[in-house]
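Chemist: The following block contains the structure, expressed as structure tokens.
The values are calculated or read from the model by the stated rules, or taken from the named source; none is laboratory data. Because the structure is predicted, anything quoted here is derived from the model rather than measured. Neighbour counts are summed over all protein chains in view; Cβ atoms, including those assigned to glycine, are modelled from backbone coordinates with ideal geometry. Heads up: the accessible areas ignore ligands, DNA and RNA and are worked out on the full protein's heavy atoms, side chains in. Shrake-Rupley method; radii C 1.70, N 1.55, O 1.52, S 1.80 Å.
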Amino acid sequence: MTTEQAHEHATAIKDWIVEIRRRLHRRPEVMYEEVETSALVRDTLDELGIEYRSPVARTGVLGWLGDGNGPCVALRADMDALPIHEETEVDFRSEIDGKMHACGHDCHTAMLLGAARLLKDRESEIHGTVKLLFQPAEEGGAGGKLMTEEGVLENPAVERIFGLHVWPELNTGEAGSRAGTFLAASSTLRMTISGKGGHAAMPHLAIDPVQATAQVITSLQSIVSREADPLNSGVVSITSIHAGEASNVIPPEVALRGTVRALTMENLLWLQERVREIATAVASAHRCEVVIEFPGNDYPPTVNDPQTWDFARRLAGDLLGEEQVKEIPPVMGGEDFAYYTEKVPGCFVALGIANEEKGTGISVHHPRFKVDEDALPMGTALHVQFALEMLDQLR
Ligand code: NI
């Protein structure tokens, strides 16, 4: 099948893909709670006559197609939503208060189901195996790590893996990625700075953690700007501060949250170490104590295999036109697709969804995030062609 044909077939089932996407969009579920989502994926695979294993990684689904006689490639979609209250005006907006598909994972799941349907139609041509990875908990839960630990890349062994992410920084009809490191290593920061509460009129009888916190935050900003090599990107952001309720009370402690990111694991660990050292020393200079944690998983950087990106780039060029495929600089966002590319060569590609007329250029993780659904058949076609052509190449 040519890429053009794949796009025709995907366009022919666009309404089916969009309808699945909207059903998912109405019922967003956050990490490891993807119960309805997982059921929808299983029901759809049942309808298509595609075999699968479930549960895998708690709420994930692993489907497969082909005659098993040859190489194996994997296509991956994430299924989880975010704890954000949706503020768009679309008529299929989230029905669940405080939860929203604000990172487009509903689209990822729907595009992969579209690919499953088209691949099933051509199963007799698949000499080898195509695995379909529907994973939970991309947003901070390291679902990809759990999927790999539960063996989705083995038996048969996956030789190449491909994933897509909708990308509001690119226009509909464009795609992009890069060879090597594409997305950052990232970790979550949690910190509590404790002093001694008291009456704000008598600061000498208290130990003020708010004042110490101000010094700590300012000092942390010297790590990236003064200590790190300017050519070696890093981010230290404090994003949340909570302390006190009254204007005349010095609170006993301040709770902070933030994120630390780098383009290599080594640099991430170094940044964490410096955050610990500086926060501890500065807090202590102000007579406060500090507890610092990097809870959850440190996501590794997402590193694209250069040959696999070359391959995907060519396919995307056939589909969208060569000038529509961009080599884009690394982004400091994190992505747990990294856990797969640590094990097998793969490629993660950004799929453009920005369309000024439709107002879809708003960034992911925003309550007004929207997707140009015209991009969905393009993603489906890319999945299909990646699987079929990569299997041919590996044979
Ligand atoms: Ni995402």
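Chemist: What is the total of Lys pairs in the chain with C-alpha atoms under 21 Å apart, excluding same-chain pairs fewer than 8 positions apart?
Modeler: Going through the chain pair by pair, I get 9.
Chemist: Express the relative contact order of the range 275-395 as a whole percentage, based on alpha carbon pairs under 8 Å and six or more residues apart in sequence.
Modeler: 22 percent
Chemist: Here is a follow-up. Which whole-number percent is the relative contact order of the range 185-293 (Cα, under 8 Å, 6+ apart)?
Modeler: Normalised by residue count, the contact order of the range 185-293 is 42 percent.
Chemist: Amide H to amide H, which residues 5 or more places from ASN304 or on other chains are under 5 Å from it, using H placed in the peptide plane?
Modeler: Residues meeting the amide H criterion: GLY180, THR181, PHE182.
Chemist: Could you check the simple spin-label distance between ASN248 and SER363, using points 7 Å along Cα→Cβ, in nm with one decimal?
Modeler: 4.1 nm
Chemist: How much length is gained on full extension from GLU356 to SER124, taking 0.36 nm per residue of separation minus their Cα-Cα distance?
Modeler: 79.4 nm
Chemist: Could you tell me which residue out of VAL235, ALA255, ALA212 lies farthest along the dipole of the range 124-257 toward its positive end? Charges go on the beta carbon: Lys and Arg +1, Asp and Glu -1, centred on the Cα centre.
Modeler: Going by the charge dipole, the pick is ALA212.
Chemist: Counting pairs of alpha carbon atoms under 8 Å apart in space and at least six apart in sequence, what relative contact order in percent does the chain give?
Modeler: 25 percent
Chemist: Sticking with this structure for a sec: Quote to one decimal, in nm, the extra length available between HIS204 and GLN307 on full extension: 0.36 nm per residue of separation minus the C-alpha distance between them.
Modeler: Result: 30.7 nm gained on full extension.
Chemist: Right, here's the next one. When a/c is below 1.5 the answer is rounded, else prolate if a/b is larger than b/c, else oblate, so apply that to the range 295-385 with a ≥ b ≥ c taken from the square roots of the Cα gyration tensor eigenvalues.
Modeler: Here the range 295-385 falls in the oblate category.
Chemist: Could you give the distance between the Cα centres of the range 207-251 and the range 129-199, to the whole Å?
Modeler: 27 Å
Chemist: In addition: Under a GNM of the chain (C-alpha, springs under 10 Å), which listed residue has the highest mean-square fluctuation: PHE337, PHE348, PHE311?
Modeler: So, out of PHE337, PHE348, PHE311, the one fluctuating most is PHE311.
Chemist: Which residue, chosen from THR302, SER284, MET100, occupies the Cα position most advanced towards the positive end of the dipole of the chain, where the dipole is computed from +1 (Lys, Arg) and -1 (Asp, Glu) charges on Cβ about the Cα centre?
Modeler: So the residue we want is SER284.
Chemist: With labels modelled as points extended 7 Å from the Cα through the Cβ direction, what inter-label distance (nm, one decimal) is found for ALA214 paired with ARG276?
Modeler: Result for the modelled spin labels: 2.9 nm.
Chemist: For the range 8-166, rounded, prolate or oblate, judged on the Cα gyration tensor with a ≥ b ≥ c (square roots of eigenvalues), a/c < 1.5 rounded, else prolate if a/b > b/c?
Modeler: Judged from the Cα gyration tensor, the range 8-166 comes out oblate (a/c at least 1.5, b/c at or above a/b).
Chemist: Apply 1/(1 + (r/R0)^6) to the Cβ-Cβ distance of VAL35 and ARG395, taking R0 = 56 Å, and write down the FRET efficiency to the nearest 0.05.
Modeler: 0.90
Chemist: If you don't mind, another one. If you find the alpha carbon centre of the range 89-110 and of the range 37-63, how far apart are they in angstrom?
Modeler: Using only Cα atoms, the two centres lie 20 Å from each other.
Chemist: Then there's this: According to a simple spin-label model (label point 7 Å from Cα along Cα-to-Cβ), what is the distance in nm between LEU231 and THR2?
Modeler: 4.5 nm
Chemist: State the percentage of accessible surface on the range 185-293 attributable to carbon and sulfur atoms; use a 1.4 Å probe and exclude ligands, DNA and RNA.
Modeler: 54 percent
Chemist: Assuming R0 = 25 Å, can you tell me the calculated FRET efficiency for the pair GLU266 and GLU87, based on Cβ-Cβ distance, to the nearest 0.05?
Modeler: Efficiency, from the Cβ-Cβ distance: 0.05.
Chemist: Follow-up. Using +1 at the Cβ of each Lys and Arg and -1 at the Cβ of each Asp and Glu in the chain, identify which of GLY68, VAL224, HIS365 lies farthest towards the dipole's positive end.
Modeler: VAL224
Chemist: Here's something else I'd like to know. With a bin width of 20 angstrom, please list the P(r) values of the chain as percents of all Cα-Cα pairs, from the 0 bin to the one holding the largest distance.
Modeler: With a bin width of 20 Å, the distribution comes to 27, 51, 19, 3, 0.
Chemist: Test of understanding: what is the full-extension gain from ARG190 to ILE241, defined as 0.36 nm times their sequence separation minus their Cα-Cα distance?
Modeler: 17.3 nm
Chemist: Any idea of the accessible area per residue across the range 251-360, 1.4 Å probe, to the nearest Å²?
Modeler: 45 Å²
Chemist: Run through the range 54-94 and list the GluC sites (Glu not before Pro) located in a DSSP loop whose Cβ has at most 11 other Cβ atoms within 10 Å.
Modeler: GLU89
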